[in-house]
Every structure is written in structure tokens, then in C-alpha cells.
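Here the structure comes first, spelled out in C-alpha cells, and everything after it is commentary.
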2 protein chains.
Amino acid sequence: MYQETAAFEHYIRDHGLRMTNARRAVLEEIFSHHEHIDADRLHAAMRGKGLDVSRATVYRNLDLLADCGLVRKYRLDRHRVLYEHMHAGMEHDHMVCRECGRVVEFVNRDLRAQQEEICRAHGFDPDDLTVQVVGCCITCKKARAARGSAPPSGP
Amino acid sequence: MYQETAAFEHYIRDHGLRMTNARRAVLEEIFSHHEHIDADRLHAAMRGKGLDVSRATVYRNLDLLADCGLVRKYRLDRHRVLYEHMHAGMEHDHMVCRECGRVVEFVNRDLRAQQEEICRAHGFDPDDLTVQVVGCCITCKKARAARGSAPPSGP
DNA sequence: TTTCTTATTGAGACAGCGTCTCAATTCGCC
DNA sequence: GGCGAATTGAGACGCTGTCTCAATAAGAAA
Ligand SMILES: [Mn+2]
Ligand SMILES: [Mn+2]
Ligand SMILES: [Zn+2]
Ligand SMILES: [Zn+2]
């Protein structure tokens, strides 16, 4: 947390912004959640703890944190944007199950290297590399197979 | 177009659905546009030609076409979903410029193979593999460099 | 410390976009 | 042609994220 606070304050100063209680509160809150969470849920969690930060401010500061690289922003389903705090530069990607909604994370350095190579080839300067797979997870696949081949009571 | 109509009708029959004029119209319309387009613009284009298909129906049938694989659905910016007709299994991915909004497409078989390999390793059955890069395109990079290093009138 | 400038916040209105509802229509089968 | 179900049209609706603007507070300067 010292690490992140320092990085955030550094970014703030560097950009002629101001460090505020609301900013510290949003930073602490997002770093206390270790799953993907949307802005409204994060806001509700804060209100639940008695932290009076407005909805607009939570949205604004999550985006600020994303800009400064402490938080990542994903759209894993079409309904809402999810945020997640970074963990020391450990970038990962996602597989999303259509059936159960489960999100599986994976890290693959080669995939990233290859994306960077493509960018280089096009003279494109990337800020954000995303790989996303939508499909059916192993659990749902097994469940479907079990249902399909040997249902408890015959059809 | 015969190809796609046949594939669509086959999918329709296979799923106990019905072929309608609205479906044919949406299919023809999306295949007549060769850039990314959103549902409302496609709807407007149809109305412009005198095709009376409702907004909801355009949305519904674009999603149906996406389900059956004739159309792909992307969210290249956070504002809206864009659709694009497939071209004989030629899957591609996108780089989006933050500054000018330009979208650069690229095809890379290795990247796809690698994604499939990761899925296999996780027992994940993919329907949809997406790679998206957000950053700064070569044109904007050059424009920025020109502005930064040698402005017409001194600072 | 007090003063001053201005970035930030809060509260709610607003907007975009996609979904839903339900009566009317159309499809496909008999 | 008649029937039952799938599809459509029109608009209301809901969810998310953005914007507005007056009030507040950060932080530089005095
Ligand atoms: Mn994640
Ligand atoms: Mn494309
Ligand atoms: Zn699943
Ligand atoms: Zn550009």
C-alpha cells in the first residue's frame, strides 16, 4: 500500500493535480478488493463503511487510477466495466464463460511479446494490450456432457 | 451473398426459427456495408432506403447473425458496439488509436494459434478470440513529434 | 497563519444504448 | 385456408457512465 500510495501521489504531483481524501479513499478501497468489481459496487462498499464519497467521484477517481496504471479497466461482459488493482506489473488476460460467467485469468508472456511485435510492425504505440476469450469453461463443458450422455432418469 | 443467405437459412432451420423478410433485410444490409457500423446507424440506413424494419428488430437480428457466425460484434470504444460482416472465415483483430479513433486491422495466425493453445491448456472451449490494442497510431505519433520538436513559430 | 486561486467534490439531471413488453402480425406446417 | 407459435413494432424502460454547477477544500503564496 505504501508503494501504491507513493506512486499515486507522484503521479498526482507530476500532473498538477491535488491529493484529496476522496482519492486516498478510492485508492485504499480498490486495493482492498481482490476480485473484479464495478464502480457502483465499489461505491456501495465505501458507503457501507461510512465513507462519504459520491458516485461521480468514485467513477472519476477509478479512471484516474486507471490512467496512472495502478488499476486496470475491463469490459468482460457487455453490461458493465470492471476494475481491478494491479499487482506489481503482473499483467494478465481473461477467459470468460458464456454459461456460468466465470472468469479465468491467465498470464502468457509470449502472447504479449507477439502483440508488441505486431504493434512495432505497424508503428503503433500501445498503452493497453488485451486478449479476451469468450467460450465455455471446463466445468460447464463437463456438466453439459454429463447431462447429455447419462441423465439420472431416462428421457 | 448466396453463400451467406444459404448459411443463414440453414442456421435458421437448424434452430427451429423462421426466415422472415426482416431477417433477410438485415442480412443484406450488413453485407452491403464494408466498415464497422453500429446497430442504430444500420437501422437508419435501412429506413433511408425505405426498408421498414424496427430498431428492436435490427438489434435482435444483428445478434442472431453474430450467434450464427456471419457477423462479428466488437466494442472498439466504450461508447457503442460495432458490427461487421465476416468474410469467408478471415478473422482479424484491431488496434484502436486513442487520439484519432482510427482502427487498424491485422491478421496474425500465430497469435490465434497461441490463444487456442492456452484454451486447450485450460480445457476452455472458445467461441470467440479477441485481441485488442489501444494506443497511439503512427500518424498521430508523427503529428505529435512534429508539434513537439519543431513548431512553426518558436515557443 | 491567513489569503487566494482553482482543482475537486456532491447531488442530481442527463444521455446513450441496448433490452423488454405485449398486442398485432407473419411464418410454416397441416 | 386455418392454426399455433415465432417474430415484429413501437415505445417505455433500466442501467451505466458523464455532465453541470454551486459549494468545498487543497496547496501555493504572502
Ligand atoms: Mn483480472
Ligand atoms: Mn474489423
Ligand atoms: Zn462455465
Ligand atoms: Zn491516431
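Given a 1.4 Å probe, how much area per residue of segment A:1-89 is accessible, in Å²? Intermediate values should be presented prior to the final figure.
Values: 5250 Å² over 89 residues.
Accessible area per residue, segment A:1-89: 59 Å².
Treating only the Cα positions of the protein assembly as shown as identical point scatterers, give the base-10 log of I(q)/I(0) from the Debye formula at each q in 0.08, 0.13 Å⁻¹.
Taking Cα atoms of the protein assembly as shown as identical point scatterers yields -0.49, -1.16.
Applying a 10 Å radius around every beta-carbon, put A:27-33, B:137-143 in order of their mean neighbour count, most first.
A:27-33, B:137-143
Which value in Å is the Kirkwood Rh of chain B over different Cα pairs?
About 18.1 Å for chain B.
Long-range amide H contacts for B:VAL71: which residues qualify at under 5 Å (H placed 1.01 Å from N, peptide plane, sequence gap of 5 or more or a different chain)?
For B:VAL71, the qualifying residues are B:ALA66, B:MET86.
Picking from A:ALA25, A:VAL53, A:TYR74, whose Cα lies most toward the positive end of the charge dipole for segment A:1-89 (charges on Cβ: Lys, Arg +1; Asp, Glu -1)?
A:VAL53
On average, how many beta carbons from a partner chain sit within 10 Å of the beta carbon of a residue in A:94-101?
What the average comes to for A:94-101 is 2.
For an R0 of 45 angstrom, estimate the FRET efficiency from the Cβ-Cβ distance between B:ASN21 and B:ARG147 and round to the nearest 0.05.
Result of the calculation: an efficiency of 0.25.
Under a point spin-label approximation (7 Å from Cα along Cα-to-Cβ), what is the B:GLU99-B:MET1 distance to one decimal in nm?
So the label points at B:GLU99 and B:MET1 sit 4.1 nm apart.
Of the peptides A:65-76, A:97-108, how do they stack up when ordered by the mean number of other Cβ atoms within 10 Å, highest first?
A:65-76, A:97-108
Using θ = phi - 60° and the Karplus form 6.51 cos²θ - 1.76 cosθ + 1.60, what ³J(HN,Hα) does each residue of segment B:66-78 get, whole Hz, x for Gly and Pro?
With the stated coefficients, segment B:66-78 comes to 5, 4, 8, x, 8, 9, 10, 10, 10, 10, 7, 10, 7 Hz.
Quote the total accessible area buried by chains B and A together, excluding ligands, DNA and RNA, probe 1.4 Å, nearest 100 Å².
2900 Å²
Shielding of A:133-140 by partners, i.e. mean partner chain Cβ atoms within 10 Å per residue? Intermediate results must be reported in sequence, preceding the final value.
Values: counts 13, 6, 7, 5, 4, 4, 1, 2.
Whole-number average of other-chain Cβ neighbours for A:133-140 is 5.
Using the alpha-carbon atoms, what tilt in degrees (0 to 90, nearest 10) does helix B:21-32 show relative to the longest principal axis of chain B?
Helix B:21-32 sits at roughly 30 degrees to that axis.
Normalised by the residues of segment A:59-148, what does the relative contact order come to in percent, with Cα pairs under 8 Å and at least six apart?
23 percent
With a 1.4 Å probe and all protein chains left in place, how much accessible area per residue does segment B:91-155 have, in Å²?
58 Å²
So if I place +1 on the C-beta of Lys and Arg and -1 on the C-beta of Asp and Glu, and nothing else carries charge, what would the dipole magnitude of segment A:91-155 be about its Cα centre? I want it in debye, nearest 20.
Computed charge dipole of segment A:91-155: roughly 760 debye.
Can you give the mean number of other chain Cβ atoms that lie within 10 Å of the Cβ atoms in peptide B:106-114?
Mean partner shielding for this stretch: 3.
Calculate the dipole size of chain B relative to its Cα centre from +1 charges on Lys and Arg beta carbons and -1 charges on Asp and Glu beta carbons; express the result in debye to the nearest 20.
Dipole size: approximately 760 debye.
Spelling out what I want: for every residue of segment B:121-129, take phi, set θ = phi - 60°, compute 6.51 cos²θ - 1.76 cosθ + 1.60 (Karplus), and round to whole Hz; glycine and proline get x.
Each residue's phi maps through the Karplus curve to give 4, 9, x, 9, 9, x, 9, 8, 10 Hz.
Could you give the dipole magnitude of segment B:1-89 about its Cα centre, charging the beta-carbon of Lys and Arg +1 and that of Asp and Glu -1, in debye to the nearest 20?
Working: 14 positive and 13 negative charges, 52 e Å.
Roughly 240 debye for segment B:1-89.
Find the percent of Cα-Cα distances in segment A:1-89 that exceed 17 Å, and round it to a whole number.
43 percent
Quick one: helix A:2-14 against the long Cα principal axis of chain A, what's the angle to the nearest 10°, folded into 0 to 90?
On a 0 to 90 degree scale, this one is about 60.
The values are calculated or read from the model by the stated rules, or taken from the named source; none is laboratory data. Worth saying up front: this structure is predicted, and the values here are computed from it rather than measured. Neighbour counts are summed over all protein chains in view; Cβ atoms, including those assigned to glycine, are modelled from backbone coordinates with ideal geometry. When the accessible area is computed, the model is the full protein with side chains, heavy atoms only, and any ligands, DNA or RNA have been set aside. Shrake-Rupley method; radii C 1.70, N 1.55, O 1.52, S 1.80 Å.
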